[in-house]
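The values are calculated or read from the model by the stated rules, or taken from the named source; none is laboratory data. Computed from a predicted structure; not experimentally measured. We place every Cβ from the backbone using ideal geometry, glycine too, and count neighbours over all the protein chains shown. To get the accessible areas, we keep the full protein, side chains included, count just its heavy atoms, and leave off ligands, DNA and RNA. Shrake-Rupley method; radii C 1.70, N 1.55, O 1.52, S 1.80 Å.
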Amino acid sequence: MKTLIVYAHLLAACVAVGILLIQDVALIRSKGNPLDTHSIKELIKSAKIVSIALVALWVSGALLTVIGYIENPQQYLLNQKLWAKFTVVLILTINGFLLHFYSFPKIATGHGISGLNAIEQIMVMMSGAISSVSWLFACFLGVARSWNYTVEYSYIMSIYAAILVAAIIVSSELLRF
């Protein structure tokens, strides 16, 4: 049963990250210009699929956590990498609400990112950077088995924060082109 849940977890992550990367490339290619009707429809459809995948990830992740705890109640929850992954997934979930209820409506207005005021541009670019980094970092933590019980939460989160800052800087520079 555990293997099936891990497989479902992996498939949901692959679907979400695959769609995320495709949409990121499409948005970068738009160079901040208004999106056409087809691109807006694709963005909305993709957002719905990623939302479903995120729910599947939360459910399968919760099940895996319960199984892990049942298998090893003395140690399982002491894994600081696990807590870092929970934190990153919580951040990407909260950021998902920002994307769906703020950034996507701004992008779909017909003005494009470059047609937004400076604060709106920063919010859209930051939410996109947070999304990309968080999804990819959560997936990395899922496969970083050697970090189980060996790496401190603060160290993991420092790496995450550094990558996040770099991504925000890069995304703001991309807006200039």
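Tell me, what ³J(HN,Hα) does each residue in region 72-79 have, in order and in whole Hz, if you take phi through Karplus 6.51 cos²θ - 1.76 cosθ + 1.60 with θ = phi - 60° and put x for Gly and Pro?
Karplus-based 3J(HN,Hα) across region 72-79 equals 8, x, 6, 10, 3, 6, 8, 6 Hz.
Sorting check: for 121-130, 72-81, 46-55, which peptide has the highest mean count of neighbouring beta carbons within 10 Å, and how do the rest follow?
In decreasing order of mean packing, 121-130, 72-81, 46-55 become 121-130, 46-55, 72-81.
In region 102-177, which trypsin sites (Lys or Arg not before Pro) fall in coil by DSSP and have 13 or fewer other Cβ atoms within 10 Å?
Here the trypsin sites (Lys or Arg not before Pro) that fit, given the DSSP loop and packing criteria, are R176.
Filter the cross-link list K45/K85; K2/K81; K45/K81; K48/K85; K41/K85 down to pairs whose alpha-carbon distance in this structure exceeds 29 Å. Walk me through the numbers before you get to the answer.
On the way: K45/K85 27 Å; K2/K81 20 Å; K45/K81 33 Å; K48/K85 23 Å; K41/K85 31 Å.
Result: K45/K81; K41/K85 exceed 29 Å.
Taking only protein heavy atoms and a 1.4 Å probe, what accessible area per residue, in Å², does the chain have with all protein chains in place?
58
Looking at region 69-177, which GluC sites (Glu not before Pro) are in a loop (DSSP not H, G, I, E or B) and have at most 13 other Cβ atoms within 10 Å?
E152
Quick check: at a probe of 1.4 Å, how many percent of the accessible area of region 28-68 sits on carbon and sulfur atoms?
Numbers: 1790 of 2550 Å².
C and S fraction of accessible area: 70 percent.
Students often get this wrong, so try it: which of [x] 1, 7, 15, 18, 20, 17, 12, 6, 2, 1, 0, 0; [y] 1, 6, 9, 11, 11, 11, 11, 9, 8, 6, 5, 4, 3, 2, 1, 1, 0, 0; [z] 1, 8, 16, 20, 18, 14, 10, 7, 4, 2, 1 is P(r) over Cα pairs in 5 Å bins from 0, in percent as calculated from the structure shown?
[z]
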